[in-house]
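The values are calculated or read from the model by the stated rules, or taken from the named source; none is laboratory data. Because the structure is a prediction, the values reported are computed rather than measured. Ideal geometry is used to build each Cβ from the backbone, glycine not excepted, and the neighbour counts take in all protein chains shown. Calculation scope for accessible area: heavy atoms of the full protein, side chains included, ligands and nucleic acids excluded. Shrake-Rupley method; radii C 1.70, N 1.55, O 1.52, S 1.80 Å.
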Amino acid sequence: MPSRFPRTQGLASLRILGPALISALALVGACGDGSDDEKVVLTPVPTSAPFPIVISRDLEVGENRFMLGLINQADEQPILGADLNLRFFLLDGSDPVLKSEVEPEALKITKTYTHTHDDGTVETHEAGETGGYVSQVTFEAAGEWGVEVTGTDVNGEALEAVTATFNVLAESAGLDAGDPAPQSVQRVLADVADIAQIDTSQTPITEMHDKTIAQAVTSGRPTVVVFASPSFCTSQICGPTKDVVDDLYATYGGQANFVHVEPYDIEKARAGESLTPVPLLTDDWGLSSEPWVFVVDAQGIIAAKFDGIASYEEMEAALAAVLG
């Protein structure tokens, strides 16, 4: 049976994941030896089938955190909690070569957003559930790759097999594990009269704003840096991501630095102007979306990074590795 690797993905079906994850498109299993090559048939995903979306950005040769989203095209809602199997193919010419196979972990979060009332109080609201499927995948070559998605939904019903294509770079276009963390200088508590000027969380944690990134990553202690805007996040997953980091702080705040940076100019955002990324987000860290979490070791070297949806367990494992 031929594997189908469509070269296009319809934006109408991506709305549920939010603009930040849509932008990702403008965006351990057994390896094959290439003897079971399969022919590619270019055909769109049928409307009866789930719609696969490769959420991960900046994939490169080597091991990667690979995240996939799956949409029910009938109602444009995410398919959550499915039991999936992913097969990865290197697409070289017209003959794809099976390289690896993995069963990803299903992640699910409740999207949130916050707003400030006239009296200054901040309120958080839920905005439905979203999620994805994450796995560690090694890509041995740069170029175009394909992923074939099969499995069953939460009711045990078989999902129609679908495929998606994505690009793998020879090396990361941005910051990666092993790179020195930028010694960025953002506004901190000492620079403002009110923490609300630098944090849109409903319950800001002052200790996440008592030092600059530069001070944190040169302190000789591990550091967790989170770029997230609970009030102005376009994907509505900044709040939940920040909540995970807050939970990590509650457990590990005495062992590591935690720094929260709002990715947008808060004054302009509150004035109703377009969201303007703060310069250090784009210039220092090379980011064009949110949320992002970076784990930096005691020597100031990036040890792990997480874009979009990430679980407490993933972040904790990365932090525990640098705490020793």
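Taking Ala164 as meeting all but one of (1) open to solvent by 10 Å² or more (accessible area, probe 1.4 Å); (2) of a type in the set (Gly, Ala, Ser); (3) out of contact with any Ser or Thr (no Cβ under 9 Å at 6 or more places or on another chain), write down the number of the exception. Of the numbered conditions (1) open to solvent by 10 Å² or more (accessible area, probe 1.4 Å); (2) of a type in the set (Gly, Ala, Ser); (3) out of contact with any Ser or Thr (no Cβ under 9 Å at 6 or more places or on another chain), the odd one out for Ala164 is (1). Exactly one residue out of Thr282, Thr241, Thr223 is within 13 Å of the chain's Cα centre (by Cα), among the β-branched types (Val, Ile, Thr) and closer than 27 Å to Phe66 by Cβ, and it is Thr241.
Go through segment 232-259 and give me each residue that's among the β-branched types (Val, Ile, Thr) and surrounded by fewer than 22 Cβ atoms within 10 Å (Cβ to Cβ).
To start, the set of residues in segment 232-259 that are among the β-branched types (Val, Ile, Thr) comprises 234, 237, 241, 244-245, 251, 259.
Matches in segment 232-259: Thr234, Thr251.
What number of residues within segment 59-96 satisfy the criterion of being in a strand (DSSP E or B) and farther than 16 Å from Ile309 by Cα? Walk me through it before giving the result.
Pass one, segment 59-96, residues in a strand (DSSP E or B): 60, 62-72, 77-78, 83-92, 95-96.
Imposing the further condition that a residue be farther than 16 Å from Ile309 by Cα reduces the set to 60, 62-63, 72, 77, 83-92, 95-96.
So the count comes out to 17.
Cβ-Cβ below 9 Å, separation at least six or inter-chain, first residue in segment 177-196 and at pLDDT 95 or above, second acidic (Asp, Glu) and open to solvent by 60 Å² or more (accessible area, probe 1.4 Å): which pairs? Qualifying pairs under 9 Å: Pro182/Asp283; Pro182/Asp284; Gln183/Asp284; Ser184/Asp283; Ser184/Asp284; Val188/Asp210; Leu189/Asp210; Ala190/Asp210. A single member of Ser229, Ser219 is open to solvent by less than 10 Å² (accessible area, probe 1.4 Å), part of a loop (DSSP other than H, G, I, E, B), within 26 Å of Ile301 (Cα to Cα) and of a type in the set (Ser, Thr, Tyr), and it is Ser229.
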